[in-house]
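Q: Provided herewith is a single structure, encoded as structure tokens, for subsequent inquiry.
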Amino acid sequence: MSLPIEVEVYVVFNKLTYIDSIEEKYNAEIDIVSSWIDNSIIVHPNQPFVYDKNIHWNPLLVFDNVIDEPVIKTRYEVKYLPDSKTTRVIQYQKLMGTLLESLEVHAFPFDTQNLGLIVTSLHPTNRLIFIPKQEYSYLAYKAVRDNQRWDFSQIISFEQTTYQEQTPYIKSNIYPVVRFNCLASRKSQFYIWNGLIPLFFITTTVFVSFSFDFSQISSSARISSCATTLLTSINFRFVINRYLPT
């Protein structure tokens, strides 16, 4: 029985464009780089080698928490390593799409969310082993530039697990899973200055009507002032509703 193939994998979060805490999803552009040794490939020095995944071995990666129809662009590079006399295949994949994530808003607007990419394979664990390369994984600066609502950690962590398919009456395969995590902390100042403080001043203006001299104005003027403040508060609620709590 042959040993499982070791597949090194790391990710680069290039863009995090939209995080929806209510729908529990986020939009991202992520580079996934995986590589493995394939000595069945013979590379000649002066001849370019064209890799074909339908002919040669491939890890058959699956991104488990991606929804809808993502755009995935793939290219390959084959390198011969003279020191170890081995051939390494490098697979570059660019993922652009929407990903599901379990997001909590109980601590809003002081919450921290864990944005992840779940990578698995169609090969079971007896044929493939993931080797996550945390030292190569990172969050690109352009992913967080000009973002007014979120602060991001540059460190990408990972978790390795397995899952077993539930197939009745036959032996179920066990598949490798690696999850790459990026921490995002909500900028509470954005919501305090653009939501809580304006709403506080709008609400406190209702007390202005009590400063009127009742003997010099009619009761309808006081009611009109309170009604105007109430309508302003309701209108402001509709304006900021699209910012809450995403």
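Q: Can you pull a Stokes-Einstein diffusion coefficient for the stretch 38-100 at 20 °C (1.002 mPa s), Rh from Kirkwood over Cα pairs, as a whole number of µm²/s? Don't jump to the answer; show the numbers that get you there.
A: Working: Rh = 13.7 Å.
In µm²/s, the coefficient is 156.
Q: Could you check the simple spin-label distance between residue 74 and residue 161, using points 7 Å along Cα→Cβ, in nm with one decimal?
A: Between residue 74 and residue 161, the label points sit 2.5 nm apart.
Q: State, to one decimal in nm, how far the label point of residue 96 lies from the label point of residue 145, with both points 7 Å from Cα in the Cβ direction.
A: For the pair residue 96/residue 145, the computed spacing is 1.7 nm.
Q: Mind scanning 53/133; 25/53; 25/73; 25/94 and naming the pairs with a C-alpha gap bigger than 28 Å? If you can, show how the numbers build up before the last one.
A: Numbers: 53/133 23 Å; 25/53 31 Å; 25/73 21 Å; 25/94 19 Å.
Too far apart for the 28 Å limit: 25/53.
Q: Here's something else I'd like to know. Mind checking the alpha-carbon convex hull of the chain and giving the volume per residue in Å³?
A: Per-residue hull volume (Cα only) is 177 Å³.
Q: Aspartates and glutamates near residue 79 by alpha-carbon distance under 18 Å, same-chain residues fewer than 8 away left out - which ones?
A: Within the straight-line limit of under 18 Å, residue 79 reaches these aspartates and glutamates: 6, 8, 38, 52.
Q: Could you state the per residue volume, in Å³, of the convex hull enclosing the Cα atoms of the stretch 68-136?
A: 165
Q: Can you tell me the length gained on complete extension of the stretch residue 64 to residue 23, counting 0.36 nm per residue apart and subtracting the Cα distance? Could you put the intermediate results ahead of the total?
A: Working: separation 41, 0.36 × 41 = 14.76 nm, distance 1.74 nm.
Full-extension gain reported as 13.0 nm.
Q: If you take the beta carbon distance between residue 230 and residue 194 as r and set R0 to 25 Å, what does 1/(1 + (r/R0)^6) give as a FRET efficiency, to the nearest 0.05? Don't jump to the answer; show the numbers that get you there.
A: Numbers: r = 21 Å, r/R0 = 0.83.
Taking R0 as 25 Å, the efficiency between residue 230 and residue 194 is 0.75.
Any read-out appearing in this document is the output of simple, stated calculations on the displayed coordinates, not a laboratory observation. As the structure is a computational prediction, the values presented were derived from the model and not from experiment. Ideal geometry is used to build each Cβ from the backbone, glycine not excepted, and the neighbour counts take in all protein chains shown.
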